[in-house]
1. May I ask you to find the residues of segment B:2-18 that are shielded by at least 50 Å² of accessible area once the whole protein assembly is considered instead of their isolated chain (probe 1.4 Å)?
2. Longer than 20 Å from Cα to Cα, which of A:337/A:434; A:132/A:483; A:345/A:407; A:407/A:434; A:91/A:118; A:90/A:136 are they? Say none if no pair is.
3. Given bins 5 angstrom wide, list per bin the percent of all Cα-Cα distances in segment A:212-496, short to long.
4. If you put +1 on each Lys and Arg Cβ and -1 on each Asp and Glu Cβ, how big is the dipole of segment A:105-146 around its Cα centre, in Debye rounded to 20?
5. Can you tell me how much longer the chain between residue A:38 and residue A:287 gets when fully stretched, taken as 0.36 nm per residue apart minus their C-alpha distance, in nm with one decimal?
6. What ranking of A:359, A:96, B:44 comes out by heavy-atom accessible area, probe 1.4 Å, highest first?
7. With an 8 Å Cα cut-off and a minimum separation of 6 or more residues, compute the relative contact order for segment B:73-170 in percent.
8. What FRET efficiency comes out for the pair residue A:327/residue B:15, r = Cβ-Cβ distance, R0 = 41 Å, nearest 0.05?
Amino acid sequence: MNALNWTETLRQQLEEAGIVVDQQESAYTPHALVWQVAAEVWQQLAELSMLQGLRWSAGWAEQTGEQFTVHALLEKQGVYLLIRTSIGYKKPELPSQASVYPAANRSERHTHDMFGIKFIGHPDKRPWTRHKAWDKHTHPLRKDFPVQGSPEIITPPDMDYPFIRSHGAGTYEIPVGPVHAGIIEPGHFRFQAVGELILNLEERLGYVHKGIEKIAEGRTPQSLARLAGRVSGDTTVSHSWAACMAMEQAAGLSIPGRAALIRGILAERERVANHLGDIGAICNDVAFVFAQMQFSRLRENWLRTHATVFGHRLLMDCVIPGGVKSDVSDSDCRLIKQDIIPLRKELTDIITALDLNSSLEDRVYTAGFLPEDIAAAFGTVGYVGRASGQDFDVRRDLAYPPYDQVKFKVALENQGDIASRFWIRYKEIIAALKLIEQFIDLLTPGEILEEWHVPVAGSEGLGIVEGWRGEIIAFVRFDGDNKISRFYPRDPSILNWPVLEKLVLNNIVPDFPVCNKSLNGSYSGNDL
Amino acid sequence: MLRLFKKILTTGIVTEPVKAPKDVELEQLGIAIKRHIDRRYSGSIAIRQIDAGSCNGCELEIHALNNPYYDIERFGIHFVASPRHADVLLVTGPVSRHMQTALLRTYEATPDPKWVVAVGDCAACGGEFGVSYASCGAVSNVIPVDAVIAGCPPTPLALVQGLLSLCERH
Ligand code: SF4
């Protein structure tokens, strides 16, 4: 069944069910259709979409005057369906999609905390993003909520979050965090265990909520790109790319071919840097320091080339609205290509040594198993999804420039364990190196920046890119005067964090760090 | 196993020398307390890192301190798992309001004498996030700060030099 078929079939089914769909013109076609529906059918629409095998990708809301618009983004075969509905300001409520799509669970709780929109029938009534920094009757993303809020001098800890409790002889709880023992971001994990075995894990995130969506309001495009580049520091290129793509759509602007290729090089370099770091860190979490030292050395070499060519070790602020900040010279290109040759050789050496190491194998094979059906049910994306058979990659399936100019294979595994998530990263590094070479070969002289047009007030854009962790969504709406009125970035971590609670089950508590590292969700990208 | 040893031997030692920071640089780092530290910690410090709300960029560069190029442990600087073992708290990020109490408690749990180093522009002044309903801004708005290492994020070299200046041996 090709893509257009499923939208037609779905539409027919909706008609049969008496659901009226208003298909709206948008800047997103042909990659995304926009359907406006009545609030009452919000859940029913989710049910029919689920039957059609659509994946739930993102959900957010915005306030326009005296009403809220709630959006949900669904996807199948690289075609997106953006459904939206309007609800009144006085008693904002609509049926929840979370009972149909588990992926919508935390997202709807976030929307509830931030806007005070009630999702009727939501299986979990607890707050998610809100701890104690604001009162439960106020909602930071409403337009009448001042950006400074009215915080107490010391924000108290969130002591009364009702975690799931376990009872019975021999079970005990381990609370971990928010401050962890290593150099990592803060979050709380609550384990229920018997002996060493994990019976249940509950995540409590939101500790690094910095009000990104609120402080985005009123920014200029340049300043929004900077902020987007700090949603999750390790994904700075892809987040600013998604935000810029959305703003460029709103402005009706297409970037020069050379700029797209350079963005591609940046994004692939970011992917390689992070995967190198992760592979080392996974090995380190099972006390295999050799790999950690080798991979952190390779990562350092790689970052130094970032600094030489692009002027920043993590590539921050290289992607700007309309294109990229700086060009690459011929000698830069030569350097980038030369760098790849020894990296490939070293990777082969090290990976062969690792592959033959049984003490490493013992720890990573079969541990942290994520079955394909659970990965599918939670809409898991990126390397976590692809290690559990979820064959989806925005670069291939949406083929946004520059990925439309190249042929490449998306790695796929179905073992679903830590080893699988390890190998998929390795394969993605190899594929990314090839992509970088292809992009360099495709470079032709030309501009790297398109002149900015001020978008008309009310125009919107939807950026979708494949970051190193997976699919990133950025929604942008402009006010007049070139100012942002709404920015919502959906980091892949938001979809991937929930499956950590599943894949650790029946593993031993001491294996939690390596399970967690193999997924490596971003706390900052989740908490916003 | 043999391959493993071969790789270790052929890689050799890649650790690079680091120039001791000059007085001017020390001043830039805002450190007037260096001598006290020399005396109290005899040239070795234990660090507890706390992310109080960062975007995780700063953490990536702090991680790099342990890679073979920088090998920060050779200077007697090491990271510890508990604030109770720490001499220095390395704090990143604007302090999110949701982390405020956690940071205060970690600070209290660290035995005296202790020093707080704010790492990154966010920790120094709030950076891109500033002060809002969700963010307290600079670390110094929450706990006393003794030194600042600026940058977004600071490079590992800037971090090494900043930390060295805390425990410089003469
Ligand atoms: S200083 Fe920069 S890298 Fe560090 S937390 Fe702030 S935004 Fe992130």
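1. Residues of segment B:2-18 that lose at least 50 Å² of accessible area once the other chains are added: B:3, B:4, B:7.
2. A:132/A:483; A:345/A:407
3. Once binned at 5 Å, the Cα pair distances of segment A:212-496 give 1, 6, 12, 16, 17, 17, 13, 9, 5, 3, 1, 0, 0.
4. That gives a dipole near 80 debye.
5. 84.2 nm
6. A:359, B:44, A:96
7. Averaging sequence separation for qualifying contacts and normalising by length gives 28 percent for segment B:73-170.
8. Once the sixth-power term is evaluated, E becomes 0.75.
The values are calculated or read from the model by the stated rules, or taken from the named source; none is laboratory data. Everything numeric in this text was worked out from a predicted model, so none of it was measured. Cβ coordinates were reconstructed from backbone atoms using ideal geometry, including for glycine residues, and neighbour counts include every protein chain displayed. When the accessible area is computed, the model is the full protein with side chains, heavy atoms only, and any ligands, DNA or RNA have been set aside. Shrake-Rupley method; radii C 1.70, N 1.55, O 1.52, S 1.80 Å.
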